[in-house]
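Asker: Right, I'll just put the structure down here and ask away after.
Since every read-out is calculated from the coordinates, none of them should be taken as a lab result. The structure displayed is predicted, hence computed values, not measured ones. So basically every Cβ, Gly included, is an ideal-geometry build from the backbone, and we count neighbours across all protein chains shown.
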Amino acid sequence: MAYEIATIPGDGIGPEVVDAALPLFEDAADAAGFSFETDRFDWGSERYVEEGAMMPDDGLDRLESYDSILLGAVGHPEVPDHVTLHGLLLPIRKGFDQGICKRPSVLFDGIESPLRGYEGGDIDFVVYRENTEGEYADVGGREHLGFDNDVAVQSGVFTRDATERIVRAAFDAAAEREGKVTSITKSNAQAHSMVFWDDIVEEIGEEYPDIEVERLLVDAASMDFIRRPEEFDVVVASNLFGDILTDIGAIVTGSMGLAPSANVNPDGEYPSMFEPVHGSAPDIVGKGVANPLATVLSGSMLFEHLGEQAAADALWDAVTDQVADPDAPRTPDLGGEAATEDVVADLRDRLSV
Ligand code: NAD
Ligand code: IPM
Ligand code: MN
């Protein structure tokens, strides 16, 4: 069976990492005995500059029939970020109801954490980030109040459906892992949304008596991601808190260039989307040194989502094997001098299904 995968390389280093990783994905699929076809959508900030829109009006309709979407990154130094992100990435997550964002943070053997005393295997958690609403709901406005005062309101929206869905997904994941859920809120200050979130965690937690539940306020959690990252298993958080915490998760496990993510539409009505956690990295664009491993691991999550576990494992294992080898090529973010292409060429040699 041939899967149909839409690719949206996007901006900055997005095309560099997506174009580099695709031949490796083909190798993995070939070896596992299936194939996929890709259609490339050159949507992004250059299109915005030329045509006034990040994607066509019927962009979501054109993506809807694909089995999955692989995205690089979105964001351009010369176009405001709220324009680019609200024009492409966020409408896909929301429009395709990709309510479950899974972001693993794994410290691999051979990778140096900036934290003292941590070695490969010491850190292994996954953040379940609510991905369609919360602080990212496009509800608010900005007004001039007269005289010299203005006001801006940005509301957070938390529905029972979406909150229960992400919390339940986190408990289900914990049941398959180490049996612990850490719920992140700011319910000391945000007495509406976050107390609602706490109540839902408590209700759903009663259905999972064997799962240990920990609650942390997001400020303390930010500290504990650095002080004791080894104690986390599954972390569940709102859209904004999950966004912030997963950058911390990426760096304590070595680099933004290593952190993958899955944006999952849980009922399978729409395609899910896979992308590195990082952005378009304008500071290194065009140098050919972007780390492709976050995209490779996102490809592993894509294959796993399609049920192609052998190909998913092959990609994950090739990365594990490469970073453990002190003689393997590494991009500068991991302390090496290798180019994006060298890293992928080496992975193709290591791939075994
Ligand atoms: P960023 O993730 O692009 O970069 C942060 C730092 O990490 C930079 O120093 C960068 O060089 C480094 N880095 C990121 N990915 C790397 C890789 N693969 N290899 C090596 N180094 C890597 O975050 P930013 O600088 O805050 O944002 C840049 C732009 O990207 C902005 O427009 C932002 O809105 C956008 N952004 C998009 C996404 C996305 O598309 N999902 C995610 C984050 C940021
Ligand atoms: C991410 C990014 C996006 C987010 C931005 C670019 C809108 O930071 O995927 O982590 O906040 O979700
Ligand atoms: Mn982010």
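Asker: What FRET efficiency comes out for the pair Ala324/Asp172, r = Cβ-Cβ distance, R0 = 41 Å, nearest 0.05?
Answerer: Here the calculated transfer efficiency is 0.85.
Asker: State, to one decimal in nm, how far the label point of Asp150 lies from the label point of Asp219, with both points 7 Å from Cα in the Cβ direction.
Answerer: 2.8
Asker: Cα extents of the chain along the three principal axes, largest first, in whole Å?
Answerer: 59, 52, 41
Asker: Continuing with this model, one more query. Please work out the FRET efficiency for the pair Glu64 and Asp30, using the Cβ-Cβ distance as r and a Förster radius of 22 Å; give the result to the nearest 0.05. Before the final figure, lay out each step's value.
Answerer: Values: r = 27 Å, r/R0 = 1.24.
Efficiency computed from Cβ-Cβ geometry: 0.20.
Asker: Applying the Karplus parametrisation 6.51 cos²θ - 1.76 cosθ + 1.60 with θ = phi - 60° to the phi angles of the stretch 107-112, what ³J(HN,Hα) value in whole Hz is obtained for each residue in order, glycine and proline being reported as x?
Answerer: 8, 7, 4, x, 9, 8
Asker: Separate question: Taking 0.36 nm per residue of separation and subtracting the Cα-Cα distance, what length does fully extending Asp247 through Asp198 add?
Answerer: Computed gain between Asp247 and Asp198 is 15.3 nm.
Asker: Mind checking the full-extension length gain between Arg160 and Asp283? Use 0.36 nm per residue of separation minus the Cα-Cα distance, one decimal, nm.
Answerer: My answer for the length gained is 40.2 nm.
Asker: So, one more: Of Leu71, Gly134, Gly120, whose Cα points farthest to the positive end of the dipole of the stretch 51-185 (charges on the beta-carbon: +1 Lys, Arg; -1 Asp, Glu; origin at the Cα centre)?
Answerer: Gly120
Asker: Then there is this: Between His82 and Asp210, what FRET efficiency follows from the Cβ-Cβ distance if R0 is 35 Å, with the result rounded to 0.05?
Answerer: The computed FRET efficiency comes out at 0.25.
Asker: Need the C-alpha centroid separation for the stretch 291-339 versus the stretch 128-162, integer Å.
Answerer: 37
Asker: Would you compute, for the Cα atoms of the stretch 1-139, the largest minus smallest coordinate along each principal axis and list the three values in descending order, in whole Å?
Answerer: The Cα atoms of the stretch 1-139 stretch 50, 42, 28 Å along the principal axes, largest first.
Asker: Can you find, among Val83, Gln154, Pro276, the residue sitting farthest towards the positive end of the charge dipole of the chain, where Lys and Arg contribute +1 and Asp and Glu -1 at Cβ?
Answerer: Of the candidates, Gln154 comes out farthest on the positive side.
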